[in-house]
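Here's the structure, in structure tokens; my notes come after.
The values are calculated or read from the model by the stated rules, or taken from the named source; none is laboratory data. Computed from a prediction, not measured in an experiment: that's the story for all the values here. A quick note on method: Cβ atoms are made from the backbone with ideal geometry, for glycine too, and the neighbour counts reach across all protein chains shown.
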Amino acid sequence: MKTSDFDYELPPDLIAQTPMEPRDASRLLVLDRYQGEPSHAAFRDLPHILRRGDLLVFNDSRVFPARLRGVERAGGRAVELLLLSRLGDDVWRALVKPGRRMRGGARFTVSDPSGEREAQGEVVSVDPSGARIARFDSPESLADIGIVPLPPYIHSRLDDPERYQTVYASAEGSVAAPTAGLHFTQPLLDALDSMGVEKAFVTLHVGWDSFKPVRSEDPAEHAMHSEYWELSESAALGINAAKAEGRRVISVGTTAVRLLENAALSSGGADVALSAGSGWVDLFITPGFRFRVIDGLITNFHLPRSTLLMLVSAFTGRERVLAAYEQAVNERYRFYSFGDAMLIAR
């Protein structure tokens, strides 16, 4: 298996720059996991596609306003930080621009867009990846100072930051949205409730490495960074019950897949043995992986050569996924975070 096996051609104009309004007006490509041609629907058609008793698993992580802008204290030059992960109460791992000026000992001031609130910080060190370890003097104010970061391929301004949050987001901690959930509206969730589709909520805080391409031709050489996850007792019991009763467990997004399959492995690898817990996951799912929990997946269309495309290919087969992507391109589906969606299930 080579990284280039997961490449495909995408016209740049199919990269969605703005979210669809309303959320559930996006398109939905429906693909049987094992056989047949894709069919096409609207996302709001889910109540007519899913079955009574299906269990949808949602990632309820909320995007943290992790992009900070300010100035370097020594020279007054503009700097920008993207907080990646909290290492302590006042210490963060961050990407910094321009990096060449922000070495160990460099001090900076970041402020909100209005300039009314600010915080002081210092670069403590540079880690092997090039990210900075930064300490802030007033970490409690960062949420009021930062702005919600958008993926690097989105160049349009987002007027309403809540459009890069799911309607059920509650546990703040991600630097990127679990984008498969962006298509759901509250009326759509209510309609699914009414028809007997069940829900479970889990938490996995998405890191910026979701957008990191696999540079090596051998995917085994790619380093996955850990992301924090939590699985509640009620969610574990609900998922175990659905599996025991032969009902479908459908993950809303690849982040929930990684959490669930990691939890199954942590529970000893049994098919129906999830236990509540929390921790850090760096699971890299590639073709050949044996899925123990999920029977279906709702997901957006992912970047070429990405770990997310490899995960989807592991679930339903590389050839089927790339053929479906080719059809999506021909049908002019919208791609990536603000784009359209796929439903893959048996």
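The table below gives the values:
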quantity: Residue match in region 252-264 (condition: farther than 25 Å from ASP24 by Cβ and acidic (Asp, Glu)); calculated: yes
quantity: Odd one out for ALA200 among (1) touching a Gly at 6+ places or on another chain (Cβ under 8 Å); (2) under 16 Å from LEU308 (Cβ atoms); calculated: (2)
quantity: Only one of PHE108, PHE58 that is touching a helix residue (DSSP H, G or I) at 6+ places or on another chain (Cβ under 8 Å), of a type in the set (Phe, Trp, Tyr) and not in a loop (DSSP other than H, G, I, E, B); calculated: PHE58
quantity: Matching entry among SER275, SER306 (being at negative phi and crowded, with 16+ Cβ neighbours inside 10 Å); calculated: SER306
quantity: Options VAL197, VAL167: the member that is touching a helix residue (DSSP H, G or I) at 6+ places or on another chain (Cβ under 7 Å) and touching a residue at least 60 places away in the same chain (Cβ under 8 Å); calculated: VAL167
quantity: Restricting region 122-164 to residues that are of a type in the set (S, T, N, Q) and touching a strand residue (DSSP E or B) at 6+ places or on another chain (Cβ under 6 Å), the residue that is modelled with the lowest pLDDT; calculated: SER138
quantity: Cβ-Cβ under 9 Å pairs, at least 6 apart or on other chains, region 275-289 side farther than 12 Å from HIS222 by Cα, far side hydroxyl-bearing (Ser, Thr, Tyr) and part of a loop (DSSP other than H, G, I, E, B); calculated: SER275/SER267; ALA276/SER232; GLY277/SER267; GLY279/SER226; TRP280/SER226; VAL281/SER226
quantity: Index of the failed condition, ALA177 passing every other in (1) small (Gly, Ala, Ser); (2) in the same structural domain as SER85 (by TED's automatic domain parsing); (3) in a loop (DSSP other than H, G, I, E, B); calculated: (2)
quantity: Strands (runs of 3 or more DSSP E) (entirely within region 245-318) containing at least 3 residues that are closer than 20 Å to LEU182 by Cβ and in the same structural domain as TYR8 (by TED's automatic domain parsing); calculated: 249-252, 296-300
quantity: Given (1) part of a loop (DSSP other than H, G, I, E, B); (2) out of contact with any Gly (no Cβ under 7 Å at 6 or more places or on another chain); (3) not β-branched (Val, Ile, Thr), index of the condition GLY130 fails; calculated: (2)
quantity: Test set (1) at pLDDT 90 or above; (2) surrounded by 14 or more Cβ atoms within 10 Å (Cβ to Cβ); (3) in a strand (DSSP E or B) - SER85 fails condition number; calculated: (1)
quantity: Selected residue (only one of GLU172, GLU118 is surrounded by 13 or more Cβ atoms within 10 Å (Cβ to Cβ) and over 24 Å from the mean Cα position of the chain (by Cα)); calculated: GLU118
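Residue-by-condition table, conditions (1) surrounded by 15 or more Cβ atoms within 10 Å (Cβ to Cβ); (2) over 20 Å from THR299 (Cα atoms); (3) touching a residue at least 12 places away in the same chain (Cβ under 8 Å):
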site	(1), (2), (3)
LEU189	yes, no, yes
LEU192	yes, no, yes
LEU204	yes, no, yes
SER226	no, yes, yes
GLU230	yes, yes, yes
SER234	no, yes, yes
ARG248	yes, no, yes
ALA256	yes, no, yes
